[in-house]
């Protein structure tokens, strides 16, 4: 199966970007920032738009491209996963019955899991197994949301989807510097602990959430030690930029694990907002900032030449995320609101920088 032409992928990417824009504005509405009414009306769907619609779309699109390059299939069915995720976001925004959006997200998760399983069947490798488990966690989270009607029930599973997807892709890159057998076994034990914690945490059992959080902390420490990013700090240009993004993200993941161990992931905890955004903002978006100059060219077939200005949105992201975390813990709502606006500005600046880099790449 040949990958879809880049122009055919762009509509799916556009659906993800729409979910991102509305999701960010809906998040600001949750902080009592005045935003257009249609976006404010989506405040309750902030998490679903950001994770299931935006991240689900872009991750499954990237995996569909990888699957198309690895397989020999007559149809482009893996691309149905990002299409369904993007359409799920549209369904959320258009006022259709919630069940329609949930069904589309479930279908997207099932397709991504099937595609990941197919890759694993073609090549038995630990990183592919982790990617498949991560996809299954997204599916499980979508099912949990549909079954209960409560987004927080899906959040731990969605968190595992993102964390394991990133860990699997980083593990794939360590094939050039493979971990020792004891380190490999430790990685499997850490992932297993996270999964056990997820299952036990069904219904927000405190012990399960703490076990899951211990897994997050252990995984962050494992990545800090084993990831080639630590060695790439000595390089220059894009390689060094990516390494800084990754290592900063691992720091956020470790902090999220510590907050979770302190009970931060439990509903009603005063640490919940800080713990969730340590993962979804500090960790995940640091990974996005770091990988976008590589993944976006592979998906859209464009050049993104490196420039030192890449550090501007990265610094704004981490600075504002840190201020927001401190404000959350100190219950300084006005400061948290200002930091949230800066978070959104960091994403906007990042998009502008990437678009400008694409334009510059076309001219050179």
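Read-outs: derived from the displayed coordinates by stated rules, not from any lab. Please read these numbers as outputs of a predicted model, since none were measured by experiment. For neighbour counting, all protein chains shown are included, and Cβ atoms are generated from backbone atoms with ideal geometry for every residue, glycine included.
Here are some notes:
- Rg and Dmax over the alpha-carbon atoms of segment 151-237 stand at 14.5, 47 Å.
- Scoring 323-332, 214-223, 121-130 by mean Cβ neighbours within 10 Å over their residues and listing the highest first yields 214-223, 323-332, 121-130.
- Label separation (residue 348 vs residue 235): 3.3 nm, computed from points 7 Å beyond Cα along the C-beta direction.
- Two-decimal log10 I(q)/I(0) for segment 137-178, as the Debye equation yields it once each C-alpha is a single scatterer, q = 0.19 Å⁻¹: -0.55
- Highest to lowest packing among 53-66, 264-277, scored as the average C-beta count within 10 Å: 53-66, 264-277
- Sequence-separation-based contact order of the chain, relative, with Cα cut under 8 Å and 6+ spacing, percent: 12 percent
- Here the Kirkwood formula, the inverse mean of 1/r across different C-alpha pairs, assigns the chain a hydrodynamic radius of 20.5 Å.
- Under the criterion of Cα pairs below 8 Å and six or more residues apart, the relative contact order for segment 1-176 equals 19 percent.
- When Rg and the Kirkwood radius Rh are both evaluated on Cα atoms of segment 194-336, their ratio Rg/Rh stands at 1.03.
- With helices as the sole contributors, the chain gives -25000 deg cm²/dmol at 222 nm; each DSSP H run of n ≥ 4 counts as -39500 (n - 2.57), and the sum is divided by every residue.
- Model label points for residue 334 and residue 363, set 7 angstrom from Cα along the Cα-to-Cβ axis, are 4.3 nm apart.
- The separation of segment 154-196 from segment 232-273, counted between C-alpha centres, amounts to 15 Å.
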